[in-house]
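The values are calculated or read from the model by the stated rules, or taken from the named source; none is laboratory data. All values derive from a computational prediction rather than experimental measurement. Neighbour counts are summed over all protein chains in view; Cβ atoms, including those assigned to glycine, are modelled from backbone coordinates with ideal geometry. Just so you know, the surface numbers come from the protein's heavy atoms only, side chains and all, with ligands and any DNA or RNA stripped out. Shrake-Rupley method; radii C 1.70, N 1.55, O 1.52, S 1.80 Å.
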Amino acid sequence: MNGADVIARAMHDTVVDVAFGLPGAHNLALWPACERADVRIVGMRHEQGCAYAADGFARVTGKVGAALVTTGPGAANTVAAVGEAWASRSPVVVIATDIPSGLRRAGEYRGVLHECTDQAGLFAPITKARYVLGHAAAAYEAFGEANRAPSRPVYVGVPSDVLTSPAEPGVPDLVATRMSAVDLQPLIDALRHAQRPVLWVGGGARDAGDAIDALARRAGAPVVTTYQARGLLAPDHPLLVPAPPHEPEVTDLIARADLAVVIGSDLDQMNTMQWRLPLPTRRIAVNIDARDAVKNYAMDAVVTADAGIAGRVVDALSAREPWAGEMPALGAAVRARLSADPRTNDAVAFLEHTENALPADAVVFADMCVPG
């Protein structure tokens, strides 16, 4: 085996069997290696597209999205897309070749083909971890980090001579998420004492739809989803609030709640109307990162765990009827008000045309602009 074989096998074993790639002089060895490792490469026309496609793949499948690009300009072309994945907490791994390690001199730019003085440094503000592989087996550790919470992009740099050097696979270090020791009592107690709970669900809960569904139905709680959590529940779910929180009808619903259970969200500026949203005074968070949970709003308690743990409190709660009325009726009221307003009726028409043109199972990603 050569290094490219080990890296391709590590990708298959630890993160994903599909990658989005664009070949270049330095990374060509990965293409036959991926074929031998049963990793399918979807060919792209631009490196930025590789990273955007990897991000979309990650959001749809819940798996890590992988982008294979070449050295220097190839890696740099992914930065905007990786920045979006960072802001959206999407598990994307960029696998970029670098110039041969034997040609690099620390602190000196030599003019080697596609040389950057610090290629990994391009990704410092927009990745949770950066690896430059001194040997191919280190790919297992790098790809393993892409699978660990909290989700955010990872950069893996591979000097091109590592791909063609003889190598042996390492031992995968796969760390399973363990939730058995998490103290759920604060969440259980809060829900037992609440009469009008609301679930505020963010992108950190994207893979926990079944748990959110079960908790919402048991607690009779409406579910407000942020932009990144769209699609977590089916559009016709009886407890899904079918409009964003800045619409007055939704803001009023949240204000009437006596408990907010914030799951997988950092309550960012855009979703909270610049932190002016009147959340209930009683708040509890479920977040894999305790600091992330309290950086914008204070919490009575934080359950430090993956969002899926919300499903484990269901059996400890008594079933309750929904308290906030019919969600489809709320959505209809929002749409009727906006349609009657000459400032927004064109926007509603645009959305309705789009809605009618797309099949029911279409997946749409939109950033936080007005159409989004």
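The C-alpha atoms of the chain define a longest principal axis, and helix 209-219 lies at about 20 degrees to it.
So, counting K/R as plus one and D/E as minus one, what does the shell of residues with Cβ under 13 Å around residue 39 add up to?
Working: positive: 9, 36, 40, 63; negative: 5, 13, 17, 35, 38.
That works out to -1.
Per residue, the Cα convex hull of the chain amounts to 153 Å³. Applying Stokes-Einstein at 10 °C and 1.306 mPa s to the Kirkwood radius of the range 178-239, computed over alpha-carbon pairs, gives a translational diffusion coefficient of 127 µm² s⁻¹. Treating r as the C-beta distance of residue 315 and residue 273 and R0 as 56 Å, the FRET efficiency rounds to 0.95. A full extension of the chain between residue 101 and residue 361 corresponds to an added length of 88.9 nm, given 0.36 nm per residue minus the alpha carbon distance.
Can you give me the convex hull volume of the Cα atoms of the range 285-336, divided per residue and expressed in Å³? Show your work: numbers first, answer last.
Numbers: hull volume 7.7 nm³, N = 52.
Dividing the Cα hull volume of the range 285-336 by its residue count gives 148 Å³.
Other residues lying with their Cβ under 10 Å from the Cβ of residue 211 contribute a combined charge of -3, Lys and Arg counting +1, Asp and Glu -1. Computed with a 1.4 Å probe on the full set of protein chains, the accessible area for residue 227 sits at about 50 Å².
Apply the a/c threshold of 1.5 to the C-alpha gyration tensor of the range 107-163 and tell me whether it is rounded, prolate or oblate.
In terms of gyration-tensor shape, oblate.
Note on the range 247-301: with neighbouring protein chains present and a 1.4 Å probe, carbon and sulfur make up 50 percent of its accessible heavy-atom surface.
Taking each DSSP H run with n ≥ 4 as -39500 (n - 2.57) and averaging over every residue of the chain yields -9500 deg cm²/dmol at 222 nm.
All other residues with a Cβ under 11 Å from the Cβ of residue 92 taken together, and with Lys, Arg as +1 and Asp, Glu as -1, what is their net charge?
In short, +3.
What you get for the range 94-231, charging only the Cβ of Lys and Arg (+1) and of Asp and Glu (-1), is a dipole of about 640 debye around the Cα centre.
Order of 268-280, 76-88, 57-69 by packing, highest average Cβ count within 10 Å first?
Details: 268-280: 15.2, 76-88: 20.3, 57-69: 22.8.
Going from most to least packed, we get 57-69, 76-88, 268-280.
Take every DSSP beta bridge whose two residues both sit in the chain, then give the antiparallel share in percent to the nearest 5.
Details: 2 of 40 bridges.
Just about 5 percent of them are antiparallel.
Between residue 185 and residue 256, the distance separating the two model label sites (each 7 Å from Cα on the Cα→Cβ line) works out to 3.4 nm. Over the range 208-332, calculate the relative contact order: mean separation of alpha carbon pairs under 8 Å at least 6 apart, over the residue count, as a percent. Computed value for the range 208-332: 35 percent relative contact order.
Compute the orientation-averaged projected area for the range 76-209 from the convex hull of its Cα atoms and round it to one decimal in nm². Present the calculation step by step, with values, prior to reporting the outcome.
Values: hull surface 46.4 nm².
The number I arrive at for the range 76-209 is 11.6 nm².
Placing +1 on the Cβ of every Lys and Arg and -1 on the Cβ of every Asp and Glu, with nothing else charged, gives the chain a dipole about its Cα centre of roughly 520 debye. Available extension along the chain between residue 333 and residue 349 is 4.2 nm, counting 0.36 nm per residue and deducting the alpha carbon span. Here each label is just a point 7 Å from Cα along the line to Cβ, and for residue 135 and residue 115 those points are 2.7 nm apart. The residues of the chain expose on average 47 square angstrom of accessible surface per residue, using a 1.4 Å probe on protein heavy atoms.
On the protein heavy atoms, probe 1.4 angstrom, tell me the percent of accessible surface of the range 26-172 carried by carbon and sulfur. Ligands and nucleic acids excluded, carbon and sulfur reach 53 percent. Relative to the Cα centre, the charge distribution of the range 188-307, modelled as +1 at Lys and Arg Cβ and -1 at Asp and Glu Cβ, gives a dipole magnitude of about 260 debye.
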